[in-house]
Amino acid sequence: MEFELGSILKLVKRRLLFIIVLCIVAVGIASFVSYYVLKPKYEATASILIQGDRQQKAINDIMAGQKLVTTYGEIIRSSRIAEEVVRRLQLNMTPEKLLEKVKTRTSSESLVTTVIVSDSNAKRATNIANGFGEAFNENIQAIMGVENVVLLDRAKVPFEAISPKPVFNMVVAFGLALIAGIAFSILRELAEKPVKSAKNIQLDLQLPLLGTVGKLKPRKRREKTKSNSVEGASRHEEENSKIVLPGTTEII
């Protein structure tokens, strides 16, 4: 069955109360989960700059520094740096667990590496990001024998959580509930629509009509009529057998 825009609008009007209730319930659930179930996550970032040789400003030095950016990003997320951060901040977690909260962002066109830390506590995320920058800056000379790394921007305490986003979640829940409500109403309309004639079937299925079957009388009614006629005939014969002619004797 094909639905036009006008028929869909009429269907929505008939099922408007159901759709509104469904949207309200969906938005309420999304709001409750966003504010009371999901834990907020904060993100703190610290930037590390890879400097070139101060006495040599050649382009080759800059290109070499760009190639080292990726290597430095891997060193920042190494177990050695993570263990140093855990020791300094006295964190109640393993280095492996700490590295799950840390990621780095590098670019082949820049000499800056960004350390990004996500945590449920804003201040702890800030301390971890700065801790990785400081630990990397102090250990890079022992690891690679260079002193061309400096902590460019220290992380600041974030005031807004990056997740969850209650408004976004409620808008998505409203949209999904609206679509689900309209789809359910259309399916319900298709399931409840009665077929009143063969012409309706032909129009809905877009198939030629080969023939129809007429109405048949119930079989039980015929059997009941037949039994009534047999019973009437036997009763008539019985009455005739009881008639006594003149000059005869009735035999019982």
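Once amide H atoms are placed 1.01 Å from N in the peptide plane, what residues at a sequence separation of 5 or more from Ala155, or on another chain, have their amide H within under 5 Å of its amide H?
Counting only residues 5 or more places away or on other chains, the set is Asn130.
Find the centroid of the Cα atoms in the stretch 87-148 and in the stretch 169-189, then give the distance between the two in whole Å.
45
Grab the Cα-Cα distance for Ala183 and Ser78, subtract it from 0.36 nm times how many residues apart they are, and report the gain in nm with one decimal.
Values: separation 105, 0.36 × 105 = 37.80 nm, distance 5.12 nm.
Difference between extended and current length: 32.7 nm.
Which links in Lys13/Lys41; Lys10/Lys165; Lys97/Lys156; Lys97/Lys165 stretch past 31 Å when you go from one Cα to the other?
Details: Lys13/Lys41 42 Å; Lys10/Lys165 35 Å; Lys97/Lys156 22 Å; Lys97/Lys165 25 Å.
Check vs 31 Å cut-off fails for Lys13/Lys41; Lys10/Lys165.
Say each of Val112 and Glu138 gets a label point 7 Å from the Cα, pointing the same way as Cα to Cβ; how far apart are those two points in nm?
2.5
Where a number appears in this text, it was derived from the coordinates with a stated rule and is not lab data. The shown structure was predicted, so the numbers you read here are calculated from the model rather than taken from an experiment. Glycine also receives a Cβ, built like all others from the backbone with ideal geometry; neighbour counts cover every protein chain displayed.
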